[in-house]
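To keep things clear, I will list the structure first and then write my remarks on it.
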Amino acid sequence: KVEIKLDAYVKIKDVELKAGLNIAKTLVLPAVLEQIGLLGDAVKATSKSGALGADLKVAANLYSNIKAAITGLEKTIIVCEKEDDLEKKAKLYAIKGANALADLRTSVDKAETLVADGLWPMPKYQELLTIL
C-alpha cells in the first residue's frame, strides 16, 4: 500500500514539474522576450536610454534568470527520473523537485509584474483575485 502511494506521488510530482517546465518554456519565456523586444525598440527610438535602458536590462536579466531556473529544473527532473529506489525517488521529487520549481516560480512571478498585460499569456494574480 505504501508503494502504491509513493508511486502515485512520484507520478503526480513528475507531471507537476514537467508542466511548470513546459509553461516556462512555451508561454513565459516568449512573453518576456517580446517585452524585451518592445523595450529594445523603445531604447532605439530615443536618443537617451535612461529609464528605458534600465528597464531593458532588468528584463534581460530576468530572462537569463528564468533560463537558468529552467536548466536547473531540467537537471532535477533527470536526477529524479534516474533514481530506481521508489522511496528515494519520492524524496528527490519532494525536496529537489520542489526547490527547483520554487526557483523557477520566483523568476516567473517577477516576470508577471514586468511583462505588459497584453503580452502575458495567462491570467495574472491580480485578475484572479478580482474574479473571486
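If you scan the stretch 82-97, which residues turn out to be surrounded by 15 or more Cβ atoms within 10 Å (Cβ to Cβ) and either within 21 Å of residue 68 (Cβ to Cβ) or not aliphatic (A, V, I, L, M) (or both)?
Within the stretch 82-97, 83, 89, 91, 92, 93, 96, 97 qualify.
Determine, yes or no, whether residue 57 is open to solvent by 70 Å² or more (accessible area, probe 1.4 Å) and farther than 15 Å from residue 100 by Cβ.
Yes: the conditions hold for residue 57.
Output the residues belonging to the stretch 27-45 that are open to solvent by 80 Å² or more (accessible area, probe 1.4 Å) and either within 20 Å of residue 112 (Cα to Cα) or β-branched (Val, Ile, Thr) (or both).
33, 34, 38
Please go through the stretch 114-129 and give me each residue that is assigned to a helix (DSSP H, G or I) and within 22 Å of residue 57 (Cβ to Cβ), ordered by number.
Hit for the stretch 114-129 is 114, nothing else.
Among the listed residues 51, 24, 8, which satisfies the condition of being out of contact with any Gly (no Cβ under 8 Å at 6 or more places or on another chain), closer than 28 Å to residue 123 by Cα, part of a helix (DSSP H, G or I) and modelled with pLDDT of 95 or more?
None of the others qualify; the one that does is 24.
Within the stretch 85-99, does at least one residue satisfy the condition of being within 20 Å of residue 31 (Cβ to Cβ) and touching a residue at least 12 places away in the same chain (Cβ under 8 Å)?
The answer is no; no qualifying residue exists.
Of all residues in the stretch 102-132, which are open to solvent by 90 Å² or more (accessible area, probe 1.4 Å) and either touching a residue at least 60 places away in the same chain (Cβ under 8 Å) or within 22 Å of residue 55 (Cβ to Cβ) (or both)?
Correct list: 105, 110, 113, 117, 125, 126.
Quick check: is even one residue across the stretch 108-128 over 16 Å from residue 32 (Cβ atoms), among the aliphatic types (A, V, I, L, M) and within 10 Å of the chain's Cα centre (by Cα)?
Checked the stretch 108-128: no residue is over 16 Å from residue 32 (Cβ atoms), among the aliphatic types (A, V, I, L, M) and within 10 Å of the chain's Cα centre (by Cα).
Take residue 76 and decide whether it is in contact with a helix residue (DSSP H, G or I) (Cβ under 8 Å, 6 or more places away or on another chain), polar (S, T, N, Q) and part of a helix (DSSP H, G or I).
yes
The values are calculated or read from the model by the stated rules, or taken from the named source; none is laboratory data. All values reported here derive from a predicted model rather than from experimental measurement. For neighbour counting, all protein chains shown are included, and Cβ atoms are generated from backbone atoms with ideal geometry for every residue, glycine included. Each accessible area value is taken on the protein alone, full model and side chains, heavy atoms only, with ligands, DNA and RNA left out. Shrake-Rupley method; radii C 1.70, N 1.55, O 1.52, S 1.80 Å.
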